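Here's the structure we're looking at; comments come further down.
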Amino acid sequence: MTNLPKQNEISHAFTRAKSLADREKKILQDITQNTGFIPERLVNRSSWWGSSKVGAVHYRGTYQGKNVILKIQGVKPNISEATMIQSFVKNNHSLIIRPPHLYQHLAWNSDQEYEALIMEDIPSSPLITLPTTLSQVDNFFEIYHEYRQNCRQQPWVKKPSQSISDSIKDNFVRWRESSLKIYPTHPFRQKEDFQLIDQAVQILSREYQHIDYEFVHGHFSYTDLYQSGRQIILLSNLYWSWRPPGYDTVFAYHWFMYHLPQVSDITPAQIESQRQLWLSHINSFSTSKKLLNLALLERAAAGLNLDALSIDPKIKISQYLVDSTRDNLKQLLQQFS
């Protein structure tokens with residue numbers, strides 16, 4: 001495994017990244033001239049935590065007569081997503097889960113600072129809707145178990161030499177810097193928040209001292225799984241990496257909760273009902289209860305630091321989600337005090 005490339009840490013790129021916003025049109029023109037891709041419409045722009053800094057954009061269009069998605073990557077990763085997709089295809093044992101087909105890849109252009117992937121456009125529906133149902137969450141975790149058993153047994157990125165404990169310390173130093181830069185005066189941040197996060201980091205650093213990483217899809221979210229016929233297409237393959245045990249178990253739940261404000265007039269009671277649909281599954285896993293709680297603790301601290309703050313504060317329910325993140329963090333801290 002020593003000759004494998006280092007994994008991507010996209011969240012670390014925020015402070016050094018240049019936004020695609022100012023050069024997107026010029027890059028798109030360059031791609032159409034070099035590939036024959038015909039853009040039809042913008043699908044989305046991906047930014048860090050609700051900031052104005054755009055790291056990637058997706059366009060829907062056609063290529064060689066096929067309906068496709070163009071992804072423009074504006075920050076150079078350690079490993080190209082094209083390489084990740086090819087490695088996933090090579091090492092995947094699942095007959096159900098696969099990445100999208102990759103039709104063309106433009107390698108990193110150092111002059112214009114981008115790379116591009118042209119991938120299949122999947123005529124499909126997501127596994128999870130907002131709000132979700134018990135049957136949808138059941139289905140999600142069936143796919144999760146299939147992925148755990150058949151998609152990740154032969155790692156294609158190098159395990160970090162840095163311990164989990166040191167990695168977590170490093171992550172939260174970077175994430176706090178990003179939080180203060182993006183939201184220097186967030187209306188829902190409280191004085192105690194950074195103290196609570198520091199307590200969590202101390203506990204995580206202590207409890208992970210003798211725990212080893214797992215190779216996982218580091219963005220195994222409900223937004224990245226799509227049903228296409230009898231197959232499940234797994235997106236965001238840039239994020240295959242080594243993470244603490246349980247990270248991929250709780251990741252989808254973590255971000256699902258922060259997407260619930262998209263539901264018009266959702267109430268706190270409905271949010272808590274949705275939370276229990278996920279936690280009832282997570283808590284039923286045979287995985288060590290301690291490891292699951294550590295994974296939840298890490299995500300709660302990350303949520304209070306920045307993830308929950310990325311919800312539009314003008315949405316009525318957003319303060320409740322920040323406050324409930326804080327309360328959840330306090331409850332998890334008590335379990336390790």
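The values are calculated or read from the model by the stated rules, or taken from the named source; none is laboratory data. Source: prediction; values computed, not measured. When we count neighbours, we look across all protein chains shown, and the Cβ atoms used for this are built from the backbone with ideal geometry, even at glycine. Calculation scope for accessible area: heavy atoms of the full protein, side chains included, ligands and nucleic acids excluded. Shrake-Rupley method; radii C 1.70, N 1.55, O 1.52, S 1.80 Å.
Which angle between 0 and 90 degrees, to the nearest 10, do you get for helix 268-282 versus the longest principal axis of the chain when only C-alpha atoms count?
Once rounded, one gets 80 degrees.
May I ask you to derive the relative contact order of the chain, considering only C-alpha pairs under 8 Å and at least 6 residues apart, and to give it as an integer percent?
Values: 519 pairs, mean separation 61.8, N = 337.
18 percent.
Can you return the aspartates and glutamates within cross-link range of LYS330? Criterion is Cα-Cα under 15 Å, with same-chain partners fewer than 8 residues away left out.
Excluding near neighbours in sequence, the set is GLU192, ASP193, ASP198, GLU298.
Please give the per residue accessible area of the chain, computed with a probe of 1.4 Å over protein heavy atoms only, in Å².
For the chain, the per-residue accessible area is 47 Å².
Checking the table LYS71/LYS169; LYS18/LYS191; LYS25/LYS76; LYS159/LYS290; LYS26/LYS181; LYS18/LYS316 against a 21 Å threshold on Cα-Cα, which pairs fail? Show your work: numbers first, answer last.
Numbers: LYS71/LYS169 32 Å; LYS18/LYS191 31 Å; LYS25/LYS76 19 Å; LYS159/LYS290 23 Å; LYS26/LYS181 28 Å; LYS18/LYS316 32 Å.
The pairs that break the limit, which is 21 Å between Cα atoms, are LYS71/LYS169; LYS18/LYS191; LYS159/LYS290; LYS26/LYS181; LYS18/LYS316.
Springs between alpha-carbon atoms under 10 Å, Gaussian network over the chain: tell me which of PRO245, PRO123, PRO39 tops the mean-square fluctuations.
Of PRO245, PRO123, PRO39, the Gaussian network model singles out PRO123 as fluctuating most.
If you fit an axis through the alpha-carbon atoms of helix 289-302 and take the longest principal axis of the Cα set of the chain, what angle between them do you get, 0 to 90°, nearest 10?
Result, in degrees: 70.
Per-residue counts of other Cβ atoms within 10 Å, averaged by peptide: what ranking do you get for 126-133, 90-97, highest first? Numbers along the way, then the final one.
Working: 126-133: 15.8, 90-97: 14.0.
Ranked by mean Cβ neighbours within 10 Å, highest first: 126-133, 90-97.
Just want the answer: with Cβ charges of +1 for Lys and Arg and -1 for Asp and Glu, which residue in ALA21, LEU277, GLN262 is farthest toward the dipole's positive end in the chain?
ALA21
Can you tell which of PRO77, SER125, GLN319 lies farthest toward the positive end of the dipole of the chain, using +1 and -1 charges on the Cβ of basic and acidic side chains (Lys, Arg; Asp, Glu)?
PRO77
If the only charges are +1 at each Lys and Arg Cβ and -1 at each Asp and Glu Cβ, what is the size of the charge dipole of the chain around the Cα centre, to the nearest 20 debye? Mind showing how you got there, number by number?
Working: 36 positive and 32 negative charges, 75 e Å.
Computed charge dipole of the chain: roughly 360 debye.
Would you mind calculating the relative contact order of the range 119-262 from Cα pairs under 8 angstrom and at least 6 residues apart, reporting the percent as a whole number? Let's see the in-between values first.
Details: 126 pairs, mean separation 47.4, N = 144.
Dividing the mean separation by the residue count of the range 119-262 yields 33 percent.
For the chain, with all protein chains present and a 1.4 Å probe, just round the carbon and sulfur fraction of the accessible area to a whole percent.
Values: 7570 of 15740 Å².
Ligands and nucleic acids excluded, carbon and sulfur reach 48 percent.
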